[in-house]
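Trainee: Here it is: the structure, laid out below.
The values are calculated or read from the model by the stated rules, or taken from the named source; none is laboratory data. These figures come from a predicted structure and were not determined experimentally. Cβ placement follows ideal geometry from the backbone for every residue including glycine, while neighbour counts extend to all protein chains displayed. The area values use the complete protein model at the heavy-atom level, side chains included, leaving out ligands, DNA and RNA. Shrake-Rupley method; radii C 1.70, N 1.55, O 1.52, S 1.80 Å.
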Amino acid sequence: MKKSLLALAVLGAFAGAAQAQSSVTIYGIVDTGIAYSSKVATATGGTGSKFGINSGVIQGSRIGFKGVEDLGGGLSAVFNLEAGFTNDDGGLQGSDAVTSSNLFRRKSVVGLAGGFGTVLLGRQTDFSDTISAYTAVNDFGGVVSNSGSGLNRLQGVRTNNSISYTTTNLSGFTGNLIYGFGEQAGKTSAGQAYGIGGKYDNGPLGLGINYYQSKAGSTPSDTSLIPAAGTTGNANTAAAVAGNTALKALNVVASYQFGAARVYANYSRVKQDLKGTPTVATATLGNAQKVDTYEVGTAYSLSPSLKLLAAVDHSRATFNGVDGKGKLTQISLGADYWLSKRTDLYAFVSNMRATDIQNPGVTGGATGSDASQTAVITGIRHKF
């Protein structure tokens, strides 16, 4: 009897130790706002104001699962699964022509971490998403997406079938490499993508740079080249140009904390050489051959709970077969008030102006009917 009790005690100790060496965390964000947009193009070709409730104003609403298991010797197994949803209607966030529904569309990775850094495999964002913390995306989120950061990848664009390596913090510097497999038999270059980036943090100073390049193919790893479900795609995904470079994106960002004020500036260049000649209706940033985007902004902490925000974004687009450049300028003002460490209230007003290019509008589904559109958005975000 004593030996049996001793054996049970030993087994219990080992089970407890094994459990203590691994953990799983459930987390998420629910972000919803009420938006008013002026001068929105209607389905009949007219114009009108639009009111609506939008999910994911600053950050996409999501639920995630992440875990770590201590393998010993400083090595750990890690995973992260993250599903996006639209909490205004309870739906899953998006699908594409590859799958009928992307359950874990935001992130789906597994890998190893240790003193060497972290290696992850699966569906993930490139390093542009990481250095967006130094830009207006950190404060305004999706409000500033249509003026350039939705194209230059600062809003977070995924790479399917990818492997990434991120270094540990090396005296303030962190580097990253990512490679996406095109998975097309007989032509390795078709659909592949790769990127390299780094950031440097030193007290109030933050610097970041990232370059990303992707190629056309029947199964492109760069999800920006995958057509939406129910569409036929575009020149970037045509088999006739499989292996040709479809997108090149460079981001250079900087941020500095002056007491209560954080000021930042950044520049990006996106090239899409496979884009054809657009019509007046399709002269958008997404259909441009080259887009240069400039941004300056600030976030001022009026108190520990209240931040005042401002940003100016300006993009210049060059189109194939079209003289001159299309221009977009967005001016955004806002306030963010934290009721607690997990819950905040926000209010934004933003104006989008377009010259020789379609006005995309400030919020999704609110394409501008003329050269100027203003949106007012107020909402609540909760993190758990």
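Trainee: Are there trypsin sites (Lys or Arg not before Pro) in segment 326-358 that DSSP puts in a loop and that have at most 13 other Cβ atoms within 10 Å, and which ones?
Mentor: Here the sparse-neighbourhood loop sites are Lys341, Arg342.
Trainee: Also, I was wondering about something else. Using θ = phi - 60° and the Karplus relation 6.51 cos²θ - 1.76 cosθ + 1.60, list the HN-Hα couplings for segment 361-376 in order, rounded to whole Hz, with x at every Gly or Pro.
Mentor: Ordered by residue, 3J(HN,Hα) equals x, 7, 10, x, x, 10, 4, x, 8, 8, 6, 9, 9, 10, 10, 10 Hz.
Trainee: Tell me, what is the percent relative contact order of the chain, built from C-alpha pairs under 8 Å that lie six or more residues apart?
Mentor: 14 percent
Trainee: I need the phi-derived Karplus couplings for segment 147-158: 6.51 cos²θ - 1.76 cosθ + 1.60, θ = phi - 60°, integer Hz, Gly and Pro marked x.
Mentor: So the J values, rounded to whole Hz, are 8, x, 6, x, 8, 7, 5, 5, 6, x, 10, 8.
Trainee: For segment 312-329, what does the Karplus curve 6.51 cos²θ - 1.76 cosθ + 1.60, with θ = phi - 60°, yield as ³J(HN,Hα) per residue in whole Hz, taken in order and with x for Gly and Pro?
Mentor: 10, 10, 9, 10, 10, 10, 10, 10, 5, x, 10, 6, x, 10, x, 10, 10, 10
Trainee: Please compute the alpha carbon radius of gyration of the chain, then divide it by the globular-protein estimate 2.2 N^0.38 Å. Two decimals is fine.
Mentor: 1.08
Trainee: Report the residues of segment 112-141 in range of a label on Leu205: point 7 Å along Cα→C-beta, backbone N strictly under 18 Å from it.
Mentor: Inside the label zone: 134-135.
Trainee: Moving on. Ignoring everything except DSSP H segments at least 4 long, calculate the 222 nm mean residue ellipticity for the chain; use -39,500 (n - 2.57) per segment, divide by total residues, nearest 500.
Mentor: Taking each H run of at least 4 residues, the total per residue is -2000 deg cm²/dmol.
Trainee: Net charge around Val110, counting only other residues with Cβ within less than 12 Å of its Cβ (Lys, Arg = +1; Asp, Glu = -1)?
Mentor: Charge balance near Val110 sits at +2.
Trainee: To continue, here is another question. First measure r as the distance between the Cβ atoms of Leu339 and Tyr165, then evaluate 1/(1 + (r/R0)^6) with R0 = 35 Å and state the FRET efficiency to the nearest 0.05.
Mentor: My answer for the efficiency is 0.35.
Trainee: For the chain, with all protein chains present and a 1.4 Å probe, just round the carbon and sulfur fraction of the accessible area to a whole percent.
Mentor: 61 percent
Trainee: Evaluate the distance, in nm, between pseudo-label points positioned 7 Å from the Cα of Asn320 and of Ser22 along their respective Cα→Cβ axes.
Mentor: Reported label-point gap for Asn320 and Ser22 is 5.0 nm.
Trainee: In segment 157-171, which residues have a backbone nitrogen under 19 Å from the label point lying 7 Å from Phe116's Cα in the Cα-to-Cβ direction?
Mentor: Output list for this probe position: 162-170.
Trainee: Follow-up question, since we're still on this one. Where only protein heavy atoms count, and the probe is 1.4 Å, what is the accessible area per residue for segment 120-211 in Å²?
Mentor: Here the residues of segment 120-211 average 38 Å² of exposed surface.
Trainee: Classify segment 296-384 as rounded, prolate or oblate, taking a ≥ b ≥ c as the square roots of the eigenvalues of its Cα gyration tensor: rounded when a/c is under 1.5, otherwise prolate if a/b is larger than b/c and oblate if not. Write down the numbers at each step before the final one.
Mentor: Working: a/c = 3.11, a/b = 2.34, b/c = 1.33.
Here segment 296-384 falls in the prolate category.
Trainee: Now for a different question. Percent relative contact order of segment 188-326, based on C-alpha pairs within less than 8 angstrom and at least six residues apart?
Mentor: Normalised by residue count, the contact order of segment 188-326 is 18 percent.
Trainee: Just to confirm the number: angle between the C-alpha axis of helix 2-20 and the first principal axis of the chain, 0 to 90 degrees, nearest 10?
Mentor: That helix lies at roughly 20 degrees to the long axis.
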